[in-house]
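As structure tokens, the structure follows; a few thoughts come after it.
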Amino acid sequence: MVRMDILLVEDEPQLAEQLNRSLVRAGHTVTRATDGPSAMEMVAHTRLDLVLLDVNLPGFDGFEILARIRAAGLPVRVMMLTARSEVRDRVLGLKGGADDYLTKPFALEELLARVEVLGRRNSAEKADSSYRVGELCMDMAKRRLSRGEEKIELSPREFEVLQIFMREPGRAFSRDEICERIWEREHEYDTRTVEIYIMRLRKKLDRSGEDSVIRTIRGVGYLMNPQP
């Protein structure tokens, strides 16, 4: 069991109390917020590993909180909790930098399992030091990417996708394999979501007049150039 410092942002009292009890029993430390402004205050001034974030909140909604967290470059994982089940809302959350997305109603066992997966991922990343491919350097402890002296800002999900390629530059990965490695529940995600993150990484990494850092291999998937 990986224990984490969690911020639970949920304005429904009964559900918030139920989630709080379950997370604490599982060994986690839980701080609670019930609206957008108080949640952002806690995120900015509290050491956190994970934010469990409801979408429908007073003040401003979960998507706005997520956008502010990512704009500030805060290295905290975010799991969205929402009654919205439409694909466009899931994609909006994932494109905004959410690490996971759980639709209400959900089983507590599933939430705890997903929290555990995110915790293990945190621990695994902290155990590694860095990866270097050409001029790109990925610092796992600080969750930073740089090219020479230039720091490149990535969302947590972008960081995870790029990490797959930087661990094994020159190897082609299918969309299915990328989904399996990141989400660990491939059947729950449209593999086209991978294309969104590849596109965003190219915008941040590619240079005019040079080959793309991440190449598309027709009929196979994607491959990172060993010398970007």
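Kindly establish whether residue 33 is at pLDDT 90 or above, crowded, with 19+ Cβ neighbours inside 10 Å and of a type in the set (Gly, Ala, Ser). Break it down stepwise before answering.
Numbers: at pLDDT 90 or above: yes; crowded, with 19+ Cβ neighbours inside 10 Å: yes; of a type in the set (Gly, Ala, Ser): yes.
Considered against the rule, which asks whether it is at pLDDT 90 or above, crowded, with 19+ Cβ neighbours inside 10 Å and of a type in the set (Gly, Ala, Ser), residue 33 comes out as yes.
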* Is it the case that the stretch 53-61 has a residue that's within 18 Å of residue 119 (Cα to Cα) and without any contact (Cβ under 8 Å) to a residue 12 or more places away in the chain? -> no
* **Single match in 21, 68, 32 (criterion: free of Cβ contacts under 8 Å to residues at least 12 places away in the same chain, of a type in the set (Lys, Arg) and not in a loop (DSSP other than H, G, I, E, B))** => 21
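Among the residues of the stretch 128-140, write down those that are out of contact with any helix residue (DSSP H, G or I) (no Cβ under 6 Å at 6 or more places or on another chain) and either part of a helix (DSSP H, G or I) or among the aliphatic types (A, V, I, L, M) (or both).
Once the filter is applied, which keeps residues that are out of contact with any helix residue (DSSP H, G or I) (no Cβ under 6 Å at 6 or more places or on another chain) and either part of a helix (DSSP H, G or I) or among the aliphatic types (A, V, I, L, M) (or both), the stretch 128-140 yields only 136.
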* Asked: Quick one: which of 19, 7, 23, 52 is modelled with pLDDT of 90 or more and in contact with a Lys or Arg (Cβ under 8 Å, 6 or more places away or on another chain)?
  -> 7
* Structure fact -> For the stretch 205-217, pairs from a residue that is without any contact (Cβ under 8 Å) to a residue 60 or more places away in the chain to a residue that is surrounded by 14 or more Cβ atoms within 10 Å (Cβ to Cβ) and of a type in the set (Gly, Ala, Ser), with Cβ under 8 Å and 6 or more apart or across chains, are 206/212; 217/172
* To do: Sort out for me the helices (runs of 4 or more DSSP H) sitting completely within the stretch 149-228 that have 3 or more residues that are modelled with pLDDT under 90 and acidic (Asp, Glu).
  => 175-182
* Asked: (1) modelled with pLDDT under 85; (2) surrounded by fewer than 16 Cβ atoms within 10 Å (Cβ to Cβ); (3) under 16 Å from the mean Cα position of the chain (by Cα): which one isn't true of residue 96, the others all being true?
  -> (2)
* Asked: Can we say residue 77 is of a type in the set (D, E, K, R) and in contact with a helix residue (DSSP H, G or I) (Cβ under 7 Å, 6 or more places away or on another chain)?
  -> yes
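The values are calculated or read from the model by the stated rules, or taken from the named source; none is laboratory data. Just so we're clear, the structure is a prediction, and the values are computed from it rather than from any experiment. So basically every Cβ, Gly included, is an ideal-geometry build from the backbone, and we count neighbours across all protein chains shown.
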